[in-house]
Amino acid sequence: MSAGFRLIDLETWPRREHYEAYFKNTPCTWSMTVQLDVTGLVKQGAKLYPGIEQMLADLKKEYFLAIVSNCQCGYIEAFLEHYGFGKYIDDIQCFGMNEVPKGENIRLVAERNHLEDAVYVGDIQGDYDASKAAGVKFIHAAYGFGEIEDEVPRIEKPLELKEVIQKIWS
């Protein structure tokens, strides 16, 4: 049985203007929550960018460090356990803990820890958008996966982070 779908030619479709406005202003998204076994991450880890541990050690001497992620519970903890990075991290928050968007979780960490000023480091547009929603500064980890539409401070490798933070807060 045919579902009755027909291909629409957007060039001649009379409702094109409505479709494009809706498509642009209300993008369709979906999410899924599942239980995952992270024991493999604890045992095997993941490939790290060069300089990550040195960056964390240097920053920990002067700054409060937290990880905020859209991941499920267990991922951050598995990562920290595998690499022994827990000694550098003061707080963690993820979507799996409370099922709220990253921007709200960034704000939650800042409020919970009485941070008057904060900077979020991320590599995709969604990270930048979350930092704006949380009202915190942003640094683009340009060595990561994405681009940022606006002009923002950026780093090309992890060991540049401390210098860029100092410029932002000077």
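Structural remarks
- Only one entry in Val119, Val152 is within 14 Å of the chain's Cα centre (by Cα) and either farther than 18 Å from Leu48 by Cβ or open to solvent by 40 Å² or more (accessible area, probe 1.4 Å) (or both), namely Val119.
- Residue count, segment 40-56 (criterion: assigned to a loop (DSSP other than H, G, I, E, B) and at pLDDT 85 or above): 4
- Segment 155-168, subset touching a Leu at 6+ places or on another chain (Cβ under 9 Å) and either in contact (Cβ under 8 Å) with a residue 60 or more places away in the chain or among the aromatic types (Phe, Trp, Tyr) (or both), residue surrounded by the fewest Cβ atoms within 10 Å (Cβ to Cβ): Lys162
- Candidates Asp150, Asp123, Asp91, filtered to the one that is under 18 Å from Lys60 (Cα atoms) and among the acidic types (Asp, Glu): Asp91
- Condition check for Glu116: touching a His at 6+ places or on another chain (Cβ under 9 Å) and at pLDDT below 95: no
Residue-by-condition table, conditions (1) surrounded by 12 or more Cβ atoms within 10 Å (Cβ to Cβ); (2) touching a Phe, Trp or Tyr at 6+ places or on another chain (Cβ under 8 Å); (3) at pLDDT below 80:
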site: Glu11; (1), (2), (3): no, no, no
site: Tyr19; (1), (2), (3): yes, yes, yes
site: Val38; (1), (2), (3): yes, yes, yes
site: Phe64; (1), (2), (3): yes, no, no
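The values are calculated or read from the model by the stated rules, or taken from the named source; none is laboratory data. Quantities reported herein were computed from a predicted structural model and do not represent experimental measurements. Cβ coordinates were reconstructed from backbone atoms using ideal geometry, including for glycine residues, and neighbour counts include every protein chain displayed. Keep in mind that these areas ignore ligands, DNA and RNA; they rest on the heavy atoms of the full protein, side chains included. Shrake-Rupley method; radii C 1.70, N 1.55, O 1.52, S 1.80 Å.
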